[in-house]
Each structure stands twice: as C-alpha cells, then as structure tokens.
1. Taking residue A:358 as the residue in question, decide whether it is at the interface with another protein chain (Cβ under 10 Å from one of its Cβ atoms), more than 25 Å from the chain's Cα centre (by Cα) and modelled with pLDDT under 95.
2. Give the residues of the stretch A:247-277 that are among the aliphatic types (A, V, I, L, M) and more than 17 Å from residue A:148 (Cα to Cα), sorted by residue number.
3. If you take the residues in the stretch B:78-97 that are assigned to a helix (DSSP H, G or I), hydrophobic (A, V, I, L, M, F, W, C) and within 18 Å of the chain's Cα centre (by Cα), which one is surrounded by the most Cβ atoms within 10 Å (Cβ to Cβ)?
4. Write out, first by first residue and then by second, each pair whose Cβ atoms fall under 9 Å of each other, whose residues are 6+ apart or on separate chains, and whose first residue, in the stretch A:168-194, is in contact (Cβ under 8 Å) with a residue 60 or more places away in the chain and assigned by TED's automatic domain parsing to the domain that holds residue A:146 while the second is part of a helix (DSSP H, G or I) and aromatic (Phe, Trp, Tyr).
5. Take the residues in the stretch A:342-378 that are over 30 Å from residue B:112 (Cβ atoms) and free of Cβ contacts under 8 Å to residues at least 60 places away in the same chain; name whichever of them is surrounded by the most Cβ atoms within 10 Å (Cβ to Cβ).
6. Which of the residues spanning the stretch B:98-153 are aliphatic (A, V, I, L, M), within 14 Å of chain A (Cβ to nearest Cβ) and farther than 21 Å from residue B:248 by Cβ?
7. Kindly indicate the residue of the stretch B:175-214 that is free of Cβ contacts under 8 Å to residues at least 24 places away in the same chain and out of contact with any Asp or Glu (no Cβ under 8 Å at 6 or more places or on another chain) and also farthest from residue A:10 (Cα to Cα) among those meeting that condition.
8. Which residues, taken from the stretch A:379-392, are farther than 20 Å from residue B:300 by Cβ and crowded, with 20+ Cβ neighbours inside 10 Å?
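The values are calculated or read from the model by the stated rules, or taken from the named source; none is laboratory data. It should be emphasised that the depicted structure is a prediction, and the values quoted were computed from it without experimental measurement. Glycine gets a Cβ as well: all are built from the backbone with ideal geometry, and neighbour counts include every protein chain shown.
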Amino acid sequence: MVKTFIGGIHPPYRKEGLSALPIERMPAPKVVAIPLRQHVGKACLPLVKVGERVLMGQKIGDVEANIAAPVHSSVSGTVLSIEPRPHANGKMVDSIVIENDFLDEWHPSALPKPQLDKLSPEEIVALIREMGIVGMGGGGFPTHAKLKPFPSPPIDTVLLNGAECEPYLTDDHRLMVEAPEKIIYGLRCLMKAAGAGKGHIGVEENKPDAVLALKRVAALYSDITITSVAVKYPQGAELQLIRACLGKEVPPGKLPPHIGVVVNNVHTAEAIAQAFATGMPSIERVITVAGGAVERPGNVLVRVGTTFAQVLEARGLKGEPYKLISGGPMMGMAMYTGEVAVCKCTSGILALTYEETGSREAGPCVRCAKCVDSCPMFLQPTTIAHYAMKGRVDDAEKIGALECRECGPCAYVCPAGIPLVQWIRLAKSDIYARQ
Amino acid sequence: MDIKKLTVSSSPHLHSGDTVRQAMLLVLLALAPAALFAVYHFGWYVLAILLTGTISAVLAETALLRFMKKPLTIVLDGSAALTGLLLALNVPAGAPLWMVAIGAFMAIIIGKHVFGGLGYNPFNPALVGRAILVSSWPAHMMAWVGPGLISSATPLAMQRAGEAVPPYLDLFFGLKAGSLGEVSVFLLLLGGIFLICKRVIDWKIPAAYLATVALMTWVLPARGQIGFFAGDPLMHVLSGGLVLGAFFMATDWVTSPVTKLGRVVMGLGAGIITAVIRLYGGLPEGVTFAILIMNGLTPLIDRYTMGRRFGVR
C-alpha cells in the first residue's frame, strides 16, 4: 500500500516532457528589482542608498525581527532607486532596483562556511538566517524561525518535501535529480540545527529518478529515509505529507513542531547547502516556466529580482496568456501584471490559456458533496462557503473554517463551478477581522 | 514584453470540467435501460407516459424561469428532464397522461421552484410529485397492471394477501406488475453501478438502504405473523420501488446529506421507515414516504454527523 492521506484529487499533472528538461541558467537581466519582502513576517529595511554600488551576494535589506529574513543583491551594480513595485502578493512592495554591471563581482562576505561538524546548532541557525533562507516551496516562511520555534517538544524529525504535487511544476524534481548531494547536505544541516535524530524525504512516486538519486546519496546515512508517496494532490501540503510519511496528524491550530516535526522544501535544503558550500546567499532559484501560452517551457535558474515579463520574454510567448500565475495552478496567485519580480519563494511562472484553466460561471450548490469528499482536512467546504455568503461568521468558525489550508480540491471538483476557496478565504478574513 | 488583459481570480486556477449538466445526463443515461425495458414489457403506451412526464417537467420549468425572469438556459442543466422522467417511472403503466403531466408540473412547481430552484429544494421533486398524485388520485396510482396493461397485483400486494409471489428470477428481471420504472431490478442495478463507477452517486446510500430493508424484513415478523427470522428479505429487496429509490432517489444530491456518515444514516433511516411501512403500515409500499421523511431530516443529519476534522482524535 503506497503511503498517502485521505481525500484529495487527481488533477491533470501536465508535467510530461517538462520534468525531463535539465535546469538552464537564464542570464541576469539589465535591471533587477529586489523586493524587501520575500518572506512571511516583517519587511526588511534597505541597508543601501540610491546611487550606491552593491556587489553580488551583498546584504541589502534586513530588519530586527525573528520572523523575517534578510535580502541580498543578485547582481553587482548600482542602486537606481528604492521604490514600491508590484509584488507576487498582489500589493506594491518596496523594492531595491539595481542596474546590473554584468561583472558579477562577489561581495567579500560570500565565503564558504565551516564544515558541518565544526558548527554548533546555534551557529547553523544564525547562518541560515544570515543567508536569507526562506521556505522555497512557495510559503516563504523564514527557515531559521522554524528551527527555533516557540516552546515546543524536542524536534525528532526533519521532513523534506519533495512531493511537488502541484501540476506543471518540475523545479523540485529537477533539483532532486541533478543535485541530490546538496539536498541531503542541506537536510543534514537542518537535522543538526533542529537537534533531530531522523531525516526524511517524501517524494511522489511519479518521480522514480528523483527517488533513486536521493536514495543513492542517502545510503551513506542510516538516519535518513527516502519515502515514495502516492501521486495525489495535495500530497505536498505540509500536514498531508507528515500524515503520509510519518503517520501522524498535527492537531488543528498547531504547527508541526508540536508533534516534533519540522518540514522544509527540498529546494530550501538545496539553497542551504549552496550557501554553506560557497557562501552564496539566497539570490537565485530554479523556477518552472510553463503553461499553454509559453513557447519554450522549461526549468530555469533565475536571479531573484528578474521580472516575470523578462523570464517570459526569454522563453517566448505564443499568444496572450489568459492568466499569469506565480507558483502552481492549484495554490498560486494570479498576477495582474508581468512586472512582478521573481523572489525566493517563486516556484513557477505559468502563462495559462483560457482553455487549460477550465474557468466558468458559478451556479447554485447542488450539494453533491464532492468538495466534502475531496477535502484533505475533513472540512465541509460547501457549508463554510454558505456561511460566508450569509455572513454567519461564528458558524463558519465553529465548523473549522480556520483549519482550511486553501489547497483547492473543493473548488477543482465543484460541478457547479463555485469558487469555494475564495468564499472560505472570505470566511477566514471575517473571522480574523472580528478577533 | 507587454502582457495585457490578465485575468485575476482566487486559486485554484484549474477545474475538473465536471458540470451539473453532465451528471444529470449520466443519470438519465443510467435510467434509460430500465425505461426502455418498461416500454418493451408493458407496451408502447409507456413511451407516451415517459415522454409526457419528461416534456411536461421541462415545459413547466421553462415557463417558471420565464415568469421569474431567470435565464432560460437553466433548463438545459437537465435536472427538470430528470425529475420528469423519474416521476413518469413512478406511476403505474396504465396511468392517464393528464395525470402524469399534472404530477410533473407539481414536481417542478411545488417540489422545486417554490423553494428557489435547483439546489434549494428540501424534498426530492419527483417524489413530491408522486406523493401529490398518490393522495389526489389514489385509484389511478394503485391501478397496477402487467404486460398488455392487464390489471395485476404487485408482488408486495400479493404477499400481503397471502398469494404466491412470482419467483425471484422473475422479480429480478422485471416480469411482474408495478410502477413502470421499478420492474427491472437487473437493469436498475446496472444503471446504479454505472453511476457509482462514474462517481455520480455514493455507494453508501443504496448499500445501507438495501441492507437495512433486507435485515429488517428478514428478522421482524410482519403484521399478523409470528416468529422472528422468518421473513423473505430477497423478495422485499427485489420488489416494489426499493432499488429504483435506493439508487436513483435517495441518492439525489440536493436532498441527501453531504457528510460521509450522514449518507449512511440516510440509507439506514430510509431502510427502517420502508421496512416498517411494508411490514406494519397501511400501504404495501413505503419507499416514497421513507425517502421524503429522510429528505426532511437531512439538514439535521448533516449537523450531527460532521465527523472528525484532520488532526482531531
């Protein structure tokens, strides 16, 4: 029996061909716009001034807060301006605009770090913060803050998420195939930092080459396990991955550390390994560029601060995209402009055509209960949505609206085409507003 | 690069493509073999009944939509046609056409649109139509006929009267009297299993319903009889409207519970009521009222069968 969770859906994966395309490096653009907020938490303050020369890997923004991570320059060049720019979160975010001098001159601080056995857990956590590492699966939660959380029981397992259940996306897949050593090294850093005795990587079984590559490297370490999990969406959702790999459920309102688990994306682990080995902070990442409107889809290594439009120009567009998505199609955000910059947590850029989205008008709920059956959190999406429509905030909270992770199977299966996730988001924001 | 006119909306940005219309058409398709068998078994007049029921329901819905200034395209969702067909399948094969038409009108008007249309009706519209017909023209609704429209008692009535019931195989394949759509258990089962495979209906409702009726009619003595474990469960399952009701009416999306446990309760409750009516009630058959009563209890069932949420033990 393949390990998995209860509920979920089987959307079309649309990864055929994509997952076989090796990672290509995209040349840095002439100008980058680096958002001062690329993580969950407090936005950074600029550490440089307009007109100043900055070097590649130089810290250009930071803030005194635990739930925050510094940002670094992805090119060497001159600061043109510090101004609000469109951000993947839909808002305008202060960004440092740098003109690239194409010298790629490294900042002197970008030096290889000591070997893992020469570092204490505290030093590792501090380095992870200093290198600007955040959750690269899309969440953007500062990684160091996961390792030193609130009073919680000791962490026994670090679980890496290599499920990559979002359709289209193959960037994690390529990293697992091409850089398994880095991922395992990153995992060992995380295990040591968290004081965890066990490391675990969960990979959907449609990536046998990734499983094989990771297993080959992990064979050297008796405390690291690679688990194939079922191909089902949202297998890569944190709570569902824990359930599949470790057989445990995180209680409502609690975070994984509550049951002694820390979950990180494989891409995050790779970034940590890269930072420790070369001293390069989080200034570039692999993104999947795909969708029916993209001429040459692929897995592209992009400097942070490159705009979506620049990436799409490099890959070519065939026709006007109907939707431009940051991330995957199930949980990603629809962009209103191509001027949004790639940040550390951008896993994909999708230019989708109308046909592939399957968009349509909503009708009345016919109570078919498909949303109930598909919900991996065992909620009743249609009932929460109904309460949201009627403004019944208390009732929505009572039946667990806040436990919704907005993963989307409910809206995907709804034969009436009701935007259930949108309604549940409304319910959640109403509940938060009242608190 | 200039990207214009991007559409922005909440995630997810993919959809299964499933529609209500598609599901309704699948149910119509699943009913087709049993309906065609009725035409074969009872004669061409049955075709007139089926067409009258279906067309009347569609006409009634179209007229109402026009009256309420709603988009007429709603009628294309197929739900009205399905209601009309289900109603037609629930009358005796010799029913007068005018009565079938009135039943279909009532199903659409009283059963569905007074509550706000598809999705808002608490009771199964076809059964509301049938209940109205049973109480308005009981003589027509009890005028059971066999092939050639020659009057004949239903197996359940025969059993009550202490007469010999046709053999199980005849009951299974539909060589008996009864509502025109309920006779071929075999073809109804095929259609039901088709709908389960297509994930249109949940197997839990028919399974719980049939199992409950079988268990109760086996264990409990009918009125006037003594001794437990002496019933004839197979006869009960193969007779009357049970299979039609269990697969095609109790499973109606709108009027059955949305929770997983609730769907079991739906089947269980309908089974208990059906068995009690059949064993002790004044009528030989109880499927219509059993399902209607459970429809009425559905909001309550949903409320008390939410089940555990992820992470709660």
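1. Details: at the interface with another protein chain (Cβ under 10 Å from one of its Cβ atoms): yes; more than 25 Å from the chain's Cα centre (by Cα): no; modelled with pLDDT under 95: yes.
Against the criterion (at the interface with another protein chain (Cβ under 10 Å from one of its Cβ atoms), more than 25 Å from the chain's Cα centre (by Cα) and modelled with pLDDT under 95), residue A:358 does not qualify.
2. The first filter runs over the stretch A:247-277 and keeps only residues among the aliphatic types (A, V, I, L, M), leaving A:250, A:255, A:259, A:261-263, A:266, A:269, A:271-273, A:275, A:277.
Within the stretch A:247-277, A:250, A:266, A:271, A:273, A:275, A:277 qualify.
3. The initial filter retains those residues of the stretch B:78-97 that are assigned to a helix (DSSP H, G or I), namely B:79-89, B:97.
From the residues that got through so far, the ones that are hydrophobic (A, V, I, L, M, F, W, C) too are B:80-82, B:85-89, B:97.
This time we only want the ones that are within 18 Å of the chain's Cα centre (by Cα), so: B:80-82, B:85-89.
On the way: B:80: 30, B:81: 21, B:82: 22, B:85: 25, B:86: 29, B:87: 34, B:88: 32, B:89: 27.
The extreme case among them is B:87.
4. So the pair list comes out as A:185/A:276; A:186/A:276; A:189/A:276.
5. So the first thing to find is which residues in the stretch A:342-378 are over 30 Å from residue B:112 (Cβ atoms), and the list is A:342-357, A:376-378.
Narrowing the set further to residues that are free of Cβ contacts under 8 Å to residues at least 60 places away in the same chain leaves A:342, A:354, A:357.
On the way: A:342: 30, A:354: 14, A:357: 22.
Among residues in the stretch A:342-378 that are over 30 Å from residue B:112 (Cβ atoms) and free of Cβ contacts under 8 Å to residues at least 60 places away in the same chain, the one surrounded by the most Cβ atoms within 10 Å (Cβ to Cβ) is A:342.
6. So the first thing to find is which residues in the stretch B:98-153 are aliphatic (A, V, I, L, M), and the list is B:99-102, B:104, B:106-110, B:114, B:118, B:126-128, B:131-134, B:139, B:141-143, B:145, B:149-150, B:153.
Subset that is within 14 Å of chain A (Cβ to nearest Cβ): B:118.
Scanning the stretch B:98-153 gives no hits.
7. Filtering the stretch B:175-214 for residues free of Cβ contacts under 8 Å to residues at least 24 places away in the same chain gives B:186, B:193, B:196-197, B:199, B:203, B:214.
From what is left, the residues that are out of contact with any Asp or Glu (no Cβ under 8 Å at 6 or more places or on another chain) are B:186, B:193, B:197, B:199, B:203, B:214.
On the way: B:186: 32, B:193: 22, B:197: 16, B:199: 14, B:203: 20, B:214: 36 Å.
Within the stretch B:175-214, the match that is farthest from residue A:10 (Cα to Cα) is B:214.
8. Start the filter on the stretch A:379-392 by keeping residues that are farther than 20 Å from residue B:300 by Cβ, which leaves A:381, A:385, A:388-389, A:391.
Of everything in the stretch A:379-392, those that are farther than 20 Å from residue B:300 by Cβ and crowded, with 20+ Cβ neighbours inside 10 Å turn out to be A:381, A:385, A:388.
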